[in-house]
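The structure under discussion appears below in the form of structure tokens.
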Amino acid sequence: MIMSKKHFPRTKIQWIWDNIAGLRGVFILAMVGTVVYNFLQLTVPFFSQQIVDRFLTGDDAATHFQANKKEFYILIACMVGITLLRALIVYLDCMAYEHVSQRALYRVRNHLFEKIEHQDMHFYNEYRTGDLMTRLTGDLDAVRHNIAWVVRMIIECFSLFTAASVYFFYMNWKMAICIIALAPVIFLIVFTFRRKVAPMHALLREKHAQMNTAAQENISGNRVVKAFSREDYEIDKFDESNKDYAETNKKTRLVWIKFFPFVETCANLLPVILLWIGGTLLMKDEMTMGEYVAFSGLMWAIANPMRLLGNILNEFQRFSAAADKVMEIYYSEPKIVDAEDAIDHPERFTGKVEFKNVSFQYEDADLPVLTDISFVANPGETVAIMGETGCGKTSLIQLIPRFYEPTHGQVLVDGMDVSKLKLKQLRTSIGMATQDVLLYSDTIDGNIAYGDTNITKENVIKFARYSAADEFISKMPEGYETIVGERGVGLSGGQKQRISLARALAVRPSILILDDTTSAVDMETEKQIQKSLSELDFPCTKIIIAQRISTTKKADRILILQDGKISESGTHDELIKKGGYYAELVKLQTGQTDLTAKEVI
Ligand code: GTP
Ligand code: MG
């Protein structure tokens, strides 16, 4: 189920905490390191103050210096030592943040991929590839950036600000109050900024995903673009999407640019306050020169957090928008899963398939695709399904491996409702060659062995022979080791279909489902395939969708699907006698008008 962000079981912080399990100690240590590092920064003005007050100013400075030279050099050595220590801490600290964030990124990305892999068809219908890719890349990187940079900066700002404030009060409370008084103004500005920028980041993230989707769909559909010479159109379309993204990006940045002058003014006011108030206090002898130097040297510890806060919030909002998208997938659950009381059936299925009054409607559709479908395919039988395009053939066979669930009725395999079977056991016993052939960028051998990686080379060749593919594969320079391009680029339609058939056969399925698998294959090759299919060396029920009579006429049963209903059912001869849709099809495809003749085709 796809969740809205309100229903996430964990908050964003808890979610990150969950995903740094095993590294929480390192993360906490890194945060402590940040605090220590920033506190140590404050020792520099402390030592400066000591040196200025005791050795560089005052009437007896020169004599004091002569008498306590050793102390002076100890103070200098302390400053150098602490500087080196800070360098070491900051190095280890950055390493720790990087390590934790990279591990979390790796872990979440794997988890997301696993989630996506286990999703059902509803999910794939809902999410577009480009959008999912954005979640796996850009969005996840925003999450990583939050762990590595935003958290560090937040701690840095707060520890610097707090430590500097405490130190300021310790030195001179009047001066400290005057400086800290600016903080509420800054918080007000930044809070208003946050309210304005949050929706901008959500929008920006959407635009980014849209642009990625446009690019991804275009690249994978490049052949269609070329075929219709639509390059210019596509370039313009992408340009629009790119412009949209760039403009939203600019608008988001502008929000901060509008706020920045106010924050900058506040930060720049600090030295003025120091000059004015500090100068007065100095003249009244309520402040020493060393304190003045320390205030001045530490002013950045108040000004920098002020300046950084906006930037941090900006990044945090970017993280927040991205995390919503990532968590949506992270906590999503497929609807089609193993039933709690799923039957364990490790043995081979005999391959009986039965539809009992099955009706089916896609979730987002208004009308049912299939209505009251009932038929049986006994073990070893061949059932052919025919019908006009769009009548529901593919939808029907998708119910057998439980890609979708019927809205009414039952689909049974070996007498057991498929919803009660373990998905893995059910699906591994089905060999399916889908209508839209998809091959992976791998060798032909790897593609055929996809469902059974332990298959021997001999068997790969055997199944390629069954599919009438061995001949053309052997003729290729690299034979079975030929690498096919993405989605099978480099092969003809018929060649792809035959490899896809070999892949379906290679799992030695109990149920073989072929969806228009030989439509692009010539008649002679198809005959060869038909023969092989009838002589398979393992028991197998075949459900074959086809448009050609030559493919279906030897089937034990032919079902004619019209408007989602079975209008005719029987053997080739029975249906010819019936004189309905099938008989018309035979006339059309054979050119014969007298179907009483003995040999029709
Ligand atoms: P051909 O393969 O062209 O011969 O058609 P078919 O008989 O295999 O039809 P299919 O089962 O693919 O589609 C039947 C009907 O369901 C059509 O009207 C489609 O528009 C519709 N349909 C198919 N897939 C989906 C889907 O994922 N969602 C929705 N809402 N409708 C779908
Ligand atoms: Mg179809």
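Rank these residues by their accessible area, most exposed first, probe 1.4 Å: 235, 543. Could the numbers behind the result be given before it?
Values: 235 105, 543 0 Å².
The most accessible residue leads, giving 235, 543.
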In this structure, among 542/577; 226/496; 356/462; 356/424; 393/577; 424/542, pairs with alpha-carbon gaps over 29 Å are 356/462
Note, the stretch 412-422: 3J(HN,Hα) by Karplus (6.51, -1.76, 1.60, θ = phi - 60°), whole Hz, Gly/Pro = x, goes 10, 10, 6, x, 10, 4, 4, 6, 9, 8, 6
Once the dipole of the chain is set up from charges on Cβ (+1 Lys and Arg, -1 Asp and Glu), the residue from the list 375, 440, 529 lying farthest towards its positive end is 440
Measuring from the longest principal axis of the C-alpha atoms of the chain, the long axis of helix 183-220 (C-alpha) lies at a number of degrees, nearest 10, equal to 30 degrees
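Explain nothing, just the number: relative contact order of the chain, from Cα pairs under 8 Å at least 6 residues apart, as a whole percent.
On the way: 838 pairs, mean separation 83.4, N = 601.
Worked out over the chain, it gives 14 percent.
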Cα pairs beyond 37 Å in the stretch 5-330, in percent, come to 36 percent
Relative to the chain, whose Cα atoms define the longest principal axis, helix 69-117 and its Cα axis are tilted in degrees, nearest 10, by 20 degrees
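Taking the highest mean first, how do the peptides 247-253, 69-75 order by number of other beta carbon atoms within 10 angstrom per residue?
On the way: 247-253: 14.6, 69-75: 12.9.
Highest to lowest by the protection proxy: 247-253, 69-75.
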Extension length gain for residue 272 and residue 536 (0.36 nm per residue less Cα distance), in nm, is 85.9 nm
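Heavy-atom accessible area per residue, the chain, 1.4 Å probe: how many Å²? All intermediate terms of the calculation are to be shown ahead of the outcome.
Working: 30580 Å² over 601 residues.
Per residue, the chain has an accessible area of 51 Å².
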Averaged over all viewing directions, the convex hull of the alpha carbons in the chain casts a projected area in nm² of 38.3 nm²
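Based solely on its DSSP helices, what 222 nm [θ] is calculated for the chain when runs of n ≥ 4 H residues each add -39,500 (n - 2.57) and the sum is averaged over all residues, nearest 500 deg cm²/dmol?
-18500 deg cm²/dmol
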Rounded to one decimal in nm, the spacing of the 7 Å Cα→Cβ label points at residue 363 and residue 141 is 3.1 nm
The set of residues whose placed amide H lies less than 5 Å from the amide H of residue 409, leaving out same-chain residues fewer than 5 positions away, is 359
Residues meeting the amide H criterion for residue 382 (H placed from the backbone, H to H distance under 5 Å, 5 or more places apart or on another chain) are 542, 556, 557
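FRET efficiency for residue 589 and residue 280, Cβ-Cβ distance as r, R0 = 60 Å, nearest 0.05? Walk me through the numbers before you get to the answer.
Values: r = 104 Å, r/R0 = 1.73.
Once rounded, the FRET efficiency stands at 0.05.
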Note to self: C-alpha centroids of the stretch 221-282 and the stretch 525-595 sit apart, in Å, by 64 Å
Using the Kirkwood formula on alpha carbons, the hydrodynamic radius of the stretch 445-554 in angstrom works out to 14.1 Å
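Among 335-344, 291-300, 476-485, how do they line up from the highest to the lowest mean number of other beta-carbon atoms within 10 Å?
On the way: 335-344: 11.9, 291-300: 20.8, 476-485: 13.8.
The packing order, highest mean first, is 291-300, 476-485, 335-344.
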Under the 7 Å Cα-to-Cβ spin-label approximation, residue 87 and residue 173 lie apart by a distance in nanometres of 4.1 nm
Counting sequence-distant residues (5 or more places) and residues on other chains, those with an amide H built under 5 Å from that of residue 120 are 335, 336
Taking Cα atoms, the helix 151-171 axis meets the longest principal axis of the chain at an angle in degrees (rounded to 10) of 10 degrees
Checked the stretch 435-508 against the a/c 1.5 cut and the a/b vs b/c comparison, axes a ≥ b ≥ c from its Cα gyration tensor; verdict rounded
For the chain, the accessible surface attributable to carbon and sulfur atoms (probe 1.4 angstrom, ligands and nucleic acids excluded) amounts in percent to 58 percent
Extension length gain for residue 289 and residue 114 (0.36 nm per residue less Cα distance), in nm, is 56.6 nm
The answer for the net charge of residues other than residue 473 whose Cβ lies under 11 angstrom from its Cβ, with Lys and Arg +1 and Asp and Glu -1, is -2
The Cα extents of the stretch 10-133 along the principal axes, largest first and rounded to whole Å, are 86, 23, 23
So the pair-distance distribution of the stretch 78-222, from every Cα-Cα distance in 5 Å bins, comes to percents of 2, 7, 10, 12, 14, 13, 12, 9, 7, 6, 4, 3, 2, 0, 0
In nm, the gap between the two label points placed 7 Å beyond Cα toward Cβ at residue 203 and residue 217 is 2.2 nm
Computed about the Cα centre, the charge dipole of the chain from +1 Lys/Arg and -1 Asp/Glu charges at the Cβ has a magnitude in debye, to the nearest 20, of 1180 debye
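Just to verify a number: FRET efficiency for residue 63 and residue 99, C-beta to C-beta distance, R0 = 35 Å, to 0.05? Please report the intermediate quantities before stating the final value.
Numbers: r = 53 Å, r/R0 = 1.53.
After rounding to 0.05, the efficiency reads 0.05.
The values are calculated or read from the model by the stated rules, or taken from the named source; none is laboratory data. What you see is a predicted model; the values in this text were computed from it and never measured. As a convention, Cβ positions derive from the backbone with ideal geometry for all residues, glycine included, and neighbour counts pool all protein chains shown. Remember, those area values only see protein heavy atoms, side chains included, never the ligands or the DNA or RNA. Shrake-Rupley method; radii C 1.70, N 1.55, O 1.52, S 1.80 Å.
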